Amino acid sequence: MLAGNLREIKKGYERNHVIVEFEGGSEFLKSEEIAEAKNYSGHAEIKLKPHGDAQKLLREAAEAATIYRFELVEPSLEEISLKPWEARIMRNILLVAKREYLEQIHGRAFIVSTVLVPLLIVALLGWSSITGRKAASGKHVAIAADNAVLANAIRRQLMDDKDAKYTVDVAASASEQERAALQKQVQNKTIDGCS
């Protein structure tokens with residue numbers, strides 16, 4: 001890892017990159033001073049060999065072409081941060097991470113959890129759906145009300161729900177004794193509810 005001022009860090013590295021804008025022959029790009037060159041017809045990005053002579057390259061370029069720009073530039077941050085020894089360390093980290101990942105996915109616990117957990121979730125959702133339908137269907141309910149019109153309107157709404165399958169009894173103008181009898185039926189579980 002690098003630390004410090006960016007300018008100071010870059011000063012510690014060799015300035016071995018050259019940008020050349022030219023017109024004419026590009027034979028100078030085959031110079032023995034060059035490690036790597038990219039020619040974009042009139043614009044070249046050059047990486048010099050370690051301790052390559054930029055002045056010698058400039059003379060060779062001037063003999064072969066008209067030079068509009070010849071600039072020796074600092075290395076990019078990417079080149080500074082990934083030197084060969086750092087690349088090896090990074091590669092080793094990736095190899096260890098890959099091995100750990102492969103070891104985990106080939107483990108019995110991973111396979112079991114990958115298959116069983118989704119199956120368990122589907123089973124629980126199915127079971128709750130089935131029990132929810134059974135809980136809401138086939139209910140026997142009694143409606144005790146002083147107003148027969150209101151009681152019948154509630155009965156119609158309950159009966160309109162085809163999935164619920166309610167059995168609804170209406171006790172209009174129910175006395176206190178009839179209400180007590182209905183409450184007793186709820187407690188004895190002969191009917192499911194009364195209101």
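The values are calculated or read from the model by the stated rules, or taken from the named source; none is laboratory data. Please read all numbers here as calculations on a predicted model, not as lab measurements. Note: ideal-geometry Cβ built from the backbone for every residue, glycine included; neighbour counts use all protein chains shown.
Tell me which residues, restricted to the stretch 143-195, are more than 28 Å from I130 (Cβ to Cβ), surrounded by 13 or more Cβ atoms within 10 Å (Cβ to Cβ) and polar (S, T, N, Q).
Residues satisfying the conditions are N152, Q183.
Within the stretch 24-52, how many residues are acidic (D, E) and under 16 Å from E71 (Cβ atoms)?
2
P50 passes all but one of (1) within 40 Å of the chain's Cα centre (by Cα); (2) at pLDDT 80 or above; (3) exposed (fewer than 10 other Cβ atoms within 10 Å of the Cβ); which number fails?
(1)
Could you list, in sequence order, the residues of the stretch 169-193 that are in a strand (DSSP E or B) and modelled with pLDDT of 75 or more?
D169, V170, A171
What's the total number of residues in the stretch 63-110 that are modelled with pLDDT of 70 or more, within 30 Å of D53 (Cβ to Cβ) and not assigned by TED's automatic domain parsing to the domain that holds E23?
0
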